[in-house]
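A.B. asks: Let me give you the structure first, and then I'll get to my questions.
Rule-based calculations on the coordinates, nothing more; no lab input. For clarity, every value in this text was computed on a predicted model and none was experimentally measured. Every residue, glycine among them, receives a Cβ derived from its backbone with ideal geometry; neighbour counts consider all protein chains shown.
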Amino acid sequence: MSFSMYSSSKADYGEHDRALKQYQEQGTKKALAMSNRGPVRYDSAGRLDQSIVNEYRNNGFYIFTGVLEQEELDQLKDDVEDIWRRAPQNEDSSIDSQGRPAIGLDCKSRNFSWVRPLSDPIGGTSFAHGRHPAKMIEPEVGEDAPEKILQILLGSLQFSEACLRIYGHPDLLRIAEAINGEDFVPFNESVWVKHPRLGGSVAWHQDGFTHWDSPELDGDTHGFNFMAQLFGCNAANGLWVLPGSHLEGKVDIRKLVDDAKSDRIEGAVPLICEPGDVAICNRQAVHGSFANTSDDIRVTINMGFHRLSSVLNVVGGGIHNDVETYTEERIANRSRLIGYAIDARKQKYPSEDSFVYTPLKEQQFVWDAAARNSIRDYNLDDLGI
């Protein structure tokens, strides 16, 4: 994957880069010494191995190794690169990188997000209820860097059948069921591309803006994200997580940064993944990522899931969509994407043991042209809490 429309020479990042590399080396050693990684395993009853569940619940993240085989990785890479080439050139453009009409122009939802190279556009701002309280260091970019780069695609299932098929992956759905119960529901889906020497940072934060003061708050209240890695990820271009922080309620992130006297907070570790690995990360864990000054690209397929009890009749939105109450009808309509994903995957991999999604098991979903048209703007119904 070249993404040749974006390139930049490497700048001299100075003292910050030297300190960051030492932090990255130490974090990598800590991450690889942890016991929260390995292949997907089940017990004799077909349930996710309890030791995996325990590791995830203790640390707030887990690395499932070797989930995606090369054929599926190649399909995902092709789709993502095609989307990036067909996307609008910038926020105000209606044409793609080759002068053709861009995709997504007929959507009501916001699907593309650009960032200034190596910048932190939201740290220390009021964006997303102010959940990114401290700004990350912004390294200098090369003189030939573009003004902005496309970094995030939202509503990815309507643009990529490969993304839809991985959304129906039986192992991932069984994991979601084990963590959030058989009535688990969607959150949202996205694709992140951290370009070499260009990718912006995401300031330290905890996801979620509801439930923090609820007496029923626990370590799983705000759900989790799957993060499938197409090229792998490392300490330089990947996500960092503060182990166990998902169990601490609302964390004073500003204090963590002040105590560290930099954006390199103490105790955090990076996700270290090979191509085809899928990480699961608790949304309540303190997490963030640094600007990608490395030569390595990161492409992450994000897919989030909630417990039904966390969203049913809850007033959500405000970040992902309009503020409104998540009714049974709204949740069922959003959950149909799971049904379509399962059938799309069955069509592609007919010999695979398909997942049975309990809330929709009495309904039949067929992935065809009509279904494809019906999911346009589906992410307007994302279940953000």
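A quick yes/no check of all residues on (1) surrounded by fewer than 16 Cβ atoms within 10 Å (Cβ to Cβ); (2) closer than 23 Å to residue 224 by Cβ; (3) touching a residue at least 24 places away in the same chain (Cβ under 8 Å):
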position: 337; (1), (2), (3): no, yes, yes
position: 350; (1), (2), (3): yes, no, no
position: 354; (1), (2), (3): yes, yes, yes
position: 362; (1), (2), (3): yes, no, no
position: 365; (1), (2), (3): no, no, yes
position: 370; (1), (2), (3): yes, no, no
position: 382; (1), (2), (3): no, yes, yes
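A.B. asks: Among (1) within 17 Å of residue 187 (Cβ to Cβ); (2) touching a strand residue (DSSP E or B) at 6+ places or on another chain (Cβ under 8 Å); (3) among the polar types (S, T, N, Q), where does residue 327 come up short?
C.D. replies: Looking at each condition in turn, residue 327 falls short on (2).
A.B. asks: Oh, and also: Looking only at the stretch 84-109, count every residue that is in contact (Cβ under 8 Å) with a residue 12 or more places away in the chain and closer than 20 Å to residue 192 by Cβ and tell me the total. Give the derivation first.
C.D. replies: Residues of the stretch 84-109 in contact (Cβ under 8 Å) with a residue 12 or more places away in the chain: 84-91, 97-98, 100, 102-109.
Those still in the list that are closer than 20 Å to residue 192 by Cβ too: 84-91, 97, 102-104, 107, 109.
Count: 14.
A.B. asks: Kindly indicate which of 237, 225, 282 is surrounded by 24 or more Cβ atoms within 10 Å (Cβ to Cβ), at negative phi and under 13 Å from the mean Cα position of the chain (by Cα).
C.D. replies: Details: 237 fails: under 13 Å from the mean Cα position of the chain (by Cα); 225 fails: surrounded by 24 or more Cβ atoms within 10 Å (Cβ to Cβ).
When all the criteria are applied, what remains is 282.
A.B. asks: Right, residue 293: among the hydroxyl-bearing types (Ser, Thr, Tyr), within 15 Å of the chain's Cα centre (by Cα) and buried (at least 20 other Cβ atoms within 10 Å of the Cβ) or not? I'd like the intermediate steps shown before the answer.
C.D. replies: Numbers: among the hydroxyl-bearing types (Ser, Thr, Tyr): yes; within 15 Å of the chain's Cα centre (by Cα): no; buried (at least 20 other Cβ atoms within 10 Å of the Cβ): yes.
Taking the combined requirement at face value, the residue does not satisfy it.
A.B. asks: Name the residue, out of 344, 332, 371, that is assigned to a helix (DSSP H, G or I), under 24 Å from the mean Cα position of the chain (by Cα) and over 30 Å from residue 212 (Cα atoms).
C.D. replies: Among 344, 332, 371, only 344 is assigned to a helix (DSSP H, G or I), under 24 Å from the mean Cα position of the chain (by Cα) and over 30 Å from residue 212 (Cα atoms).
A.B. asks: Could I ask something else about it? Show the residue pairs that are 6+ apart or on different chains and have beta-carbon atoms under 9 Å apart, the first residue being within the stretch 142-159 and touching a residue at least 12 places away in the same chain (Cβ under 8 Å) and closer than 19 Å to residue 201 by Cα, the second being crowded, with 21+ Cβ neighbours inside 10 Å and of a type in the set (Lys, Arg).
C.D. replies: 142/197; 145/197; 151/194
A.B. asks: Go through (1) more than 18 Å from residue 200 (Cα to Cα); (2) within 17 Å of the chain's Cα centre (by Cα); (3) in a loop (DSSP other than H, G, I, E, B) one by one and return the number of the condition residue 63 breaks.
C.D. replies: (3)
A.B. asks: If a residue must be surrounded by fewer than 15 Cβ atoms within 10 Å (Cβ to Cβ), in a loop (DSSP other than H, G, I, E, B) and at positive phi, how many such residues does the stretch 77-134 contain?
C.D. replies: The total comes to 1.
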